[in-house]
């Protein structure tokens, strides 16, 4: 395993099959074995866990997880890497490899992936889903965000992503990084940055720093959101123009459903002033505000 994590091994192995890392798929291989182990250890896998890995790569992370988990469903879009990883994972009977795109579109997972996960979860009554992956940068946001809308709710998610994205996820109100994504993730999960990583631990080197993030789903938080789809869409709409005041964002989002007077009444009921900005409001208050809006405009859609 150690030899298979080096830049030299990866470069030679890919050269043998006549391919180079594809930037369009965000292929940056983690070549520091200690960090691969940190990802696995942070996931705290046991015999109950069905692991979803997006981006099999050469199968190195996959091979480290399979002895610890009940099952691993690993998804690879690149045909050359799929074949390469298949050789390494041939002897593991609890691995399901899928040669496909994990996403159907930017808002939905591929149904084949979800069906396969459902099958593995159904094999025992106490199984739980965990995402563990060195995520390609170009799909990191939709993977983490959309998994919280799927029929199979994850227990936790541990992934390598851009450091900038990790900082957005854990950001607090009044900060420059606080966003709709911060609210959406934190409304349902505890979030922590496990480790930041320089470009030198990857091959090819990305142009930005990376981070390992750990998200643990809080069932009580999820159950406190009466309509998660409405909340998700409404929060995205009012963070759309960060420089504008909250009132202007709500008026723009609800223009066919609420009058300006109704928006002012909602603002007053929440104690928001005319100069309140969206990025100043914490998650519980945004949820309470969303419910007041939903009561007046239940049919609204972004």
message: Being surrounded by 17 or more Cβ atoms within 10 Å (Cβ to Cβ), modelled with pLDDT of 75 or more and over 18 Å from residue 135 (Cβ atoms) narrows it down to one residue among 30, 14; which is it?
response: 14
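On the given criteria, is residue 101 modelled with pLDDT of 95 or more, farther than 21 Å from residue 33 by Cα and surrounded by fewer than 17 Cβ atoms within 10 Å (Cβ to Cβ)? Spell out how you get there, then give the answer.
Details: modelled with pLDDT of 95 or more: yes; farther than 21 Å from residue 33 by Cα: yes; surrounded by fewer than 17 Cβ atoms within 10 Å (Cβ to Cβ): no.
Criteria not met by residue 101.
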query: Of all residues in region 192-248, which are under 25 Å from residue 275 (Cα atoms) and in a loop (DSSP other than H, G, I, E, B)?
result: 239, 240, 241, 242, 243, 244, 245
query: Does residue 245 satisfy the criteria of being in contact with a helix residue (DSSP H, G or I) (Cβ under 9 Å, 6 or more places away or on another chain), surrounded by fewer than 19 Cβ atoms within 10 Å (Cβ to Cβ) and not assigned by TED's automatic domain parsing to the domain that holds residue 148?
result: yes
query: Do we find a residue being modelled with pLDDT of 95 or more, closer than 17 Å to residue 117 by Cα and over 20 Å from the mean Cα position of the chain (by Cα) anywhere in region 52-62?
result: no
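Filter region 83-112 for residues that are part of a helix (DSSP H, G or I) and more than 17 Å from residue 65 (Cβ to Cβ) and give the result.
83, 84, 87, 111, 112
Only one of these is under 28 Å from residue 242 (Cα atoms) and part of a loop (DSSP other than H, G, I, E, B): 174, 184. Name it.
One residue alone meets the criteria, 174.
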field: Enumeration of residues in region 147-185 that are farther than 21 Å from residue 39 by Cβ, surrounded by 19 or more Cβ atoms within 10 Å (Cβ to Cβ), more than 12 Å from the chain's Cα centre (by Cα) and in contact (Cβ under 8 Å) with a residue 40 or more places away in the chain
entry: 178, 179, 180, 183
message: Checking residue 106 against (1) modelled with pLDDT under 95; (2) surrounded by 17 or more Cβ atoms within 10 Å (Cβ to Cβ), only one condition comes out false. Which one?
response: (2)
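The values are calculated or read from the model by the stated rules, or taken from the named source; none is laboratory data. The shown structure was predicted, so the numbers you read here are calculated from the model rather than taken from an experiment. With ideal geometry, Cβ positions are generated from the backbone for all residues, glycine too; neighbour counts draw on all protein chains shown.
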